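A.B. asks: Take this structure, written in structure tokens, and hold onto it; I'll ask about it next.
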Amino acid sequence: MDQVDCVVVGAGVVGLAVAREMALQGRETILLEREDAFGTISSARNSEVIHAGIYYPKDSLKAKLCVEGNRLLYEYCRTHQVGTKPYGKLIVATDASQFDDLAAILYKAQNNQVPDIEMISGEKARELEPQLQCEAALLSATTGVVDSHGLMLSLLGGFEDAGGMLAYQSPLMTAKPIGNDAQDGFELLIGGADGMSLRTKLLINCAGLSAPTVARRIEGLPAEQIPKAYFAKGNYFSLSGKSPFDHLIYPIPEPGGLGVHLTLDMGGQAKFGPDVEWLEIEEEGEISYAVDPIRGESFYAAVRQYWPGLKDGSLQADYSGVRAKIVPPNAPAGDFCFNGPAQHQLHGLFNLYGFESPGLTSSLAIARHLEGLIKSSL
């Protein structure tokens, strides 16, 4: 039976960043992906926004790793020829009743040490964006977008250059600890056309939406250490014609998401969303990614609060994604969860749960943070 130092499950952007970091640290690493290509699920169904770290609670992992990840991601993309567009973002108060909400967001951003963010007047905001309707706004200069596919392709190249191997159509079927508390690693049964068994000292679950499902395949992992998965679908609608805005435009956040906001892609095309549609399902396999055009009707009213000039019939159903949540509807937003030996007592096992947004922005910082946890657990 083949023996390696590390196996990472899931080749989304977080899994790719983690696998690359493991290989760069000198570990013989295999990355398992159940699909026939990398980054085809959550990592292919997001807004590609590089977040600044504004909204998250002080001292949370999301706050820390997003602020660090923003800096690391821009630096990485600059040195690895991955495309970014630092459009900047305006978070808008559309009437005076939202001034306190806007001030609270700024206070949170300052506590998180978010750089280059300031409160501006409605007049100043309209100088930047003449078609914008608002009474005040926050301007975040470090918010932008990234070519997410180009980023993942670059991370994969770095992983393979460091000696790593990616195995497609290779789902993890079972993992069995070897020795007391997995002191001798794990024996893995891997599915697929050929199937194989493999031994590894380090097992890292980066399966995103399926992370809880994958965790249930690991023998000896206490059930109370595996969170229930909740699925919050986000639908996107594209704007026909040229965008009237040069910045990303966000309203005041809503429960479960950031409101129906306007983002721009690498080519400057505008889209709106995501909204929040909680799915009453138990497993990822039950997800339908179809976008109901009827949902677009509610987008018009939401968008017209900050862009009154939006014309009827100018939004088209585009695509959807699903957030990998580990908290139910109406609960406070969850944090990133690194579930390691300190929690479950299985040496060498790390499960990553709840890595929704800002997972893309934070991916390089997540990989570094995990490496620190691994070293401290040895």
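The values are calculated or read from the model by the stated rules, or taken from the named source; none is laboratory data. The shown structure was predicted, so the numbers you read here are calculated from the model rather than taken from an experiment. Reconstructed Cβ throughout: ideal geometry from the backbone, glycine too, with neighbour counts over all protein chains shown.
A.B. asks: Every residue in the stretch 286-303 that is in contact with a Leu (Cβ under 9 Å, 6 or more places away or on another chain), part of a loop (DSSP other than H, G, I, E, B) and not small (G, A, S), please.
C.D. replies: The answer is I287, and nothing else.
A.B. asks: Among the strands (runs of 3 or more DSSP E) contained in the stretch 137-211, which hold 3 or more residues that are touching a residue at least 24 places away in the same chain (Cβ under 8 Å) and surrounded by fewer than 18 Cβ atoms within 10 Å (Cβ to Cβ)?
C.D. replies: Ranges flagged: 172-177, 196-205.
A.B. asks: Report, by residue number, each residue of the stretch 53-80 that is over 18 Å from V145 (Cα atoms) and of a type in the set (A, V, I, L, M, F, W, C).
C.D. replies: Selection gives L61, A63.
A.B. asks: Taking only the stretch 282-316 into account, find how many residues are among the aliphatic types (A, V, I, L, M), in contact with a Ser or Thr (Cβ under 8 Å, 6 or more places away or on another chain) and either outside the structural domain of L132 (by TED's automatic domain parsing) or surrounded by 15 or more Cβ atoms within 10 Å (Cβ to Cβ) (or both).
C.D. replies: 2
A.B. asks: Look through the stretch 51-70, keep the residues that are of a type outside the set (G, A, S) and surrounded by fewer than 24 Cβ atoms within 10 Å (Cβ to Cβ), and return whichever of them is farthest from L262 (Cα to Cα).
C.D. replies: Among those residues, the one meeting the criterion is D59.
A.B. asks: Also, quick follow-up: Restricting the search to the stretch 360-378, which residues are out of contact with any Ser or Thr (no Cβ under 8 Å at 6 or more places or on another chain) and either without any contact (Cβ under 8 Å) to a residue 60 or more places away in the chain or surrounded by 24 or more Cβ atoms within 10 Å (Cβ to Cβ) (or both)?
C.D. replies: Listed by number, the residues that qualify are T361, S362, S363, L364, I366, A367, G372, L373, K375, S376, S377, L378.
Listed here are the residues, each with its yes/no results for (1) farther than 30 Å from D95 by Cα; (2) without any contact (Cβ under 8 Å) to a residue 40 or more places away in the chain.
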residue: F272; (1), (2): no, no
residue: L279; (1), (2): yes, no
residue: E286; (1), (2): yes, yes
residue: I294; (1), (2): no, yes
residue: E297; (1), (2): no, yes
residue: A301; (1), (2): no, yes
residue: S314; (1), (2): no, no
residue: A317; (1), (2): no, no
residue: G321; (1), (2): yes, no
